[in-house]
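The values are calculated or read from the model by the stated rules, or taken from the named source; none is laboratory data. All values derive from a computational prediction rather than experimental measurement. Using ideal geometry, Cβ is built from the backbone for each residue, glycine included, and neighbour counts are taken over all protein chains shown.
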Amino acid sequence: MKPLNPNKANLLLLFTRDPFVKLVNKELEYYSSEDDFLIGFVSLDKEDQTFHAMLFDRDSRNKYCLVSMNLDLNSIEDARNALKDMMITYVRNDEALKKELPTNDFFSPIVKSEQQHPYFTMLLDKDGFFTAAKSVIEELSFHYQDRDGNFVDQFQSKNGFDARIWELYLWCYFGEENFYFNYDYTAPDFLIEKMGHEIAIEAVHINRKQGLDEPANIPTVEEIFKKMENEIPLMYGSPLYSKLNHTYKEQPYWELPHVKGKPLVYAIADFHADMSMTWSFPGIVSILYGIEQKAIHHHDGTISLENESGITFQKRESSIKPLFLDNKFKHVSAILFSPCGTLPKFNRMGIQAGYGNNNNKVYQIKICYNSNPNAILPNVIGKVVNEGCRETWADGIQIFHNPFAEIPLNPNLFPRAGHHFYKDGLLESSVPNDHTISTMTYNIKNFPIDPPSFNMHSSEEYDKVIKKSRL
């Protein structure tokens, strides 16, 4: 028996562990057998302070499942020894581990090469930068239930890859937040439950407008500010309005029997251009609430907040008002957003779990929320991604609550997310420390040394920089 990287254990067991059991037990140490076929952990029962040992093996679909356990032990040493004994004496029962459905295969090409998304093609490259991401997605595929039967086709294709990678990311996040999944319905995309609270979630994304073969063109700061006046808010608003008018079996989502009376959340991502999700997120605040907030740091060290509300947007000859101020959106409890639901996220999660090509280095720079009450600039962190990192699926998740929702969303069900609330014309936020606002990942091949890390947190001199920020 040998120690197992906690990042890898959390990935392998993400959809194996029962959410309630996770809440009442604290997992302490992870191990694998010498041949890597079996994995297990020792945990502490939070209620009676006893220790447990759990052993897992793969079933016929390659999912890890619980095959043996030893409960209510007196010490962590007893739990370790029990787990070691279970690994030594375990005899696999193929019949007990046999499942009716075959193993999912996301990567055997079923789409013609000219129709494949270039990111999918990159995933097939055994020596490429995304080998870690492929390993992660492959592990996830063993648990995935393809309810509409077209996931693999869309995951491989130019027209479907972005949407499907976003759905995979959301699925991982909800699993990490200890939700149960109800797979009985094909729409909305997710029906999740925790402690008796059910929530319906529909995944939405901004369609690509930049050609896949066009080079990345990140706009300048001046161009971004100009786009934020109208173009980007409307770009977010368009698919959200479309989803509002979308019906399933001739009914809007909130009228479906399995959704009615439950919070309805739209989860949106921006794929309109390469790296657009790294800078377009302020448009969400504008289109949802119709506000613009500017924090101004004066020479004497004081801060004033300038706020403009009642902003509207122009689309051709029509004036578009903010979505949450539109009575039609009373059925939508909140909008969820993340800048991280992309292929590099899966790659980073894989690298920190020990997957990937050792000849390649991945360097992440992320802009984070600054919790200093006098700060007007974010924190900036740069680091090499490795097995010592502890990135979570939740990092970067932002939930914008509808102040006029008929059925509000309980923020306590999403403790790892950033939450934003509109009150008296201002946006009040509750965000975890160093929660990601924006992130960029750099792939470096055959570099002999690790680039230096940095952690540029707010300091007195840093905060004295006079800057206007659109929040």
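Quick notes on this one:
Yes/no per residue for (1) touching a residue at least 40 places away in the same chain (Cβ under 8 Å); (2) within 19 Å of T16 (Cβ to Cβ); (3) within 31 Å of the chain's Cα centre (by Cα); (4) in a strand (DSSP E or B):
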| residue | (1), (2), (3), (4) |
| --- | --- |
| R61 | yes, yes, yes, no |
| D78 | no, no, no, no |
| A96 | no, yes, no, no |
| F107 | no, no, yes, no |
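- Residue count for the stretch 39-59, restricted to those that are in a loop (DSSP other than H, G, I, E, B) and either farther than 29 Å from E95 by Cβ or out of contact with any Lys or Arg (no Cβ under 9 Å at 6 or more places or on another chain) (or both): 5
- Checking the stretch 393-402 against the condition returns no match, with no residue being surrounded by fewer than 18 Cβ atoms within 10 Å (Cβ to Cβ) and under 20 Å from M277 (Cβ atoms).
- In the set (1) surrounded by fewer than 21 Cβ atoms within 10 Å (Cβ to Cβ); (2) under 30 Å from Y442 (Cβ atoms); (3) touching a Phe, Trp or Tyr at 6+ places or on another chain (Cβ under 6 Å), the condition left unmet by K158 is number (3).
- Options F174, F179, F225: the member that is more than 29 Å from G149 (Cβ to Cβ) and touching a residue at least 24 places away in the same chain (Cβ under 8 Å): F225
- Filtered residues of the stretch 390-418 (kept if in contact with a helix residue (DSSP H, G or I) (Cβ under 9 Å, 6 or more places away or on another chain) and assigned to a strand (DSSP E or B)): Q398, I399, F400, H401
- Residue list for the stretch 1-28, restricted to those being charged (D, E, K, R) and either in contact with an Asp or Glu (Cβ under 6 Å, 6 or more places away or on another chain) or surrounded by 17 or more Cβ atoms within 10 Å (Cβ to Cβ) (or both): K8, R17, E27
- So Y266, is it under 23 Å from E428 (Cβ atoms) and part of a strand (DSSP E or B): yes
- Test: N359 is surrounded by fewer than 15 Cβ atoms within 10 Å (Cβ to Cβ), assigned by TED's automatic domain parsing to the domain that holds L323 and without any contact (Cβ under 8 Å) to a residue 12 or more places away in the chain: no
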